[in-house]
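Structure record follows, encoded as C-alpha cells.
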Amino acid sequence: KAGVTQTPRYLIKTRGQQVTLSCSPISGHRSVSWYQQTPGQGLQFLFEYFSETQRNKGNFPGRFSGRQFSNSRSEMNVSTLELGDSALYLCASSFSASSYNEQFFGPGTRLTVL
Amino acid sequence: KNEVEQSPQNLTAQEGEFITINCSYSVGISALHWLQQHPGGGIVSLFMLSSGKKKHGRLIATINIQEKHSSLHITASHPRDSAVYICAVRRPIGGGADGLTFGKGTHLIIQP
C-alpha cells in the first residue's frame, strides 16, 4: 500500500504570494490532518478534514485554509505569505476521524518564504 | 504552561542502555500518541495509547490516565534509535476529538 504523499516537497515563495500544498492519503483513509512545524513553535495542528468536511481547526489566522475532495485528497492554501510561514507542513491520514485511529504522516512540504 | 510536557529535552546515552522518555499532560485526553522524527523531517507513528501498556520490538509505551503521565522506553538502545521522540495527545470535544497537541520533543542520541 502506498504511503501518504505530499507535493511539492520543497517550495520557495516571496512575501505576499499565496501557496497551495497537496496531500494524497493512504488508499481507503478518509481523514486528513495538516500540521505546521517550526523550530520555535514545534508541531502545531492546522485543521482536520473528514469526508470533505472540516472537523477541527487549530489556532491559525484565516490566511490558512484547506479543503478535501471526494477522493479524500486534500489541499491547504496559505494566502498573503509572511516570513513566519516558513515551515515544514505535514499532513497525516487515518482511516476515520476517531481518536483511536493511528495517523500516518507524509514526508512534508518545506516552505521557505523570502 | 504547555499542555504537554516532555522530559528530558535532550538525552545522550551509550549503545545498549535502557532509555526512558516521559510525557505529562494537563488536560483530559481520549488518546496519546508517541511519534518518532528522524533528521529530514519524516514522522513515524510508534504507538497510540488510551490505557495500559503496548510493546513493539524493543519499544514499550505505558500510560497512567489518573496521573496524566506516559512513558516511552527503549530497551537495548542502538544508534539507529537516534531521533526526536514526540508525545502528542488528542482531547475529546463534543462527539469527536480535537486535533493533536504536541510536546516539544526529546532529542535522543545513542552513541556507539
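The values are calculated or read from the model by the stated rules, or taken from the named source; none is laboratory data. All of these numbers come straight from a predicted model, not from anything done at the bench. Note that each Cβ is placed from the backbone with ideal geometry, even for glycine, and that neighbours are counted across all protein chains shown. Note: areas computed on protein heavy atoms with side chains; ligands, DNA, RNA excluded. Shrake-Rupley method; radii C 1.70, N 1.55, O 1.52, S 1.80 Å.
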TODO: State, to one decimal in nm², a quarter of the convex hull surface area for the C-alpha atoms of segment A:75-114, i.e. the direction-averaged projected area.
DONE: 3.6 nm²
- [ ] Just need the relative contact order of segment A:11-114 here, percent rounded to a whole number, with Cα pairs under 8 Å and 6+ apart.
- [x] 36 percent
Task: Alpha-carbon gyration tensor eigenvalues x 5, square-rooted, for segment A:47-92, Å - done: 20, 11, 10
Task: the protein assembly as shown: translational diffusion in µm²/s, Stokes-Einstein, Kirkwood Rh over Cα pairs, 10 °C, 1.306 mPa s - done: 88 µm²/s
- [ ] Pairs of lysines 8 or more apart, or on different chains, with alpha carbons under 22 Å: count those in chain B, would you?
- [x] 6
TODO: Report the relative contact order of segment B:1-103, percent, no decimals, based on alpha-carbon pairs under 8 angstrom and at least 6 residues apart.
DONE: 34 percent
- [ ] Report Rg(Cα)/(2.2 N^0.38 Å) for chain A, keeping two decimals.
- [x] 1.00
- [ ] For segment B:1-75 and segment A:54-114, compute the distance between their C-alpha centroids and round to whole Å.
- [x] 24 Å
Task: Table column - 3J(HN,Hα) (Hz), segment A:3-18, Karplus curve with 6.51, -1.76, 1.60, x for Gly and Pro - done: x, 6, 10, 10, 9, x, 7, 9, 8, 10, 10, 10, 3, x, 6, 10
Task: Using a Förster distance of 30 Å, the FRET efficiency for B:His69-A:Ser22 (Cβ separation, nearest 0.05) - done: 0.20
Task: For segment B:30-46, 3J(HN,Hα) per residue [Karplus equation, 6.51 cos²θ - 1.76 cosθ + 1.60, θ = phi - 60°, Hz, x = Gly/Pro] - done: 9, 7, 10, 10, 10, 10, 10, 10, 8, x, x, x, x, 10, 10, 7, 8
- [ ] Apply the Debye scattering formula to chain B, with a single equal point scatterer on each alpha-carbon and no solvent, then give log10 I(q)/I(0) at q = 0.10 Å⁻¹.
- [x] -0.27
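Find how much the distance from A:Tyr10 to A:Phe69 grows on full extension, using 0.36 nm per residue of separation minus their present alpha carbon separation; answer in nm with one decimal.
On the way: separation 59, 0.36 × 59 = 21.24 nm, distance 2.29 nm.
Computed gain between A:Tyr10 and A:Phe69 is 19.0 nm.
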TODO: Ignoring ligands, DNA and RNA and using a 1.4 Å probe, state the total buried accessible area between B and A in Å², rounded to the nearest 100.
DONE: 1700 Å²
Task: aspartates and glutamates with Cα under 13 Å of A:Lys57, excluding same-chain neighbours fewer than 8 positions away - done: A:Glu48, B:Asp98
Open item on the list: I need the phi-derived Karplus couplings for segment B:98-112: 6.51 cos²θ - 1.76 cosθ + 1.60, θ = phi - 60°, integer Hz, Gly and Pro marked x.
Closed with: 6, x, 5, 10, 9, x, 7, x, 10, 8, 9, 10, 10, 8, x
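Go through A:Glu75, B:Glu3 and list them by solvent-accessible area, largest first, probe radius 1.4 Å.
Accessible-area ranking of A:Glu75, B:Glu3, largest first: B:Glu3, A:Glu75.
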Task: Peptide-level mean, for A:101-108, of C-beta atoms on other protein chains within 10 Å - done: 5
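Accessible area of the protein assembly as shown with a 1.4 Å probe: how many percent of it is carbon plus sulfur?
So the carbon and sulfur contribution to the accessible surface is 50 percent.
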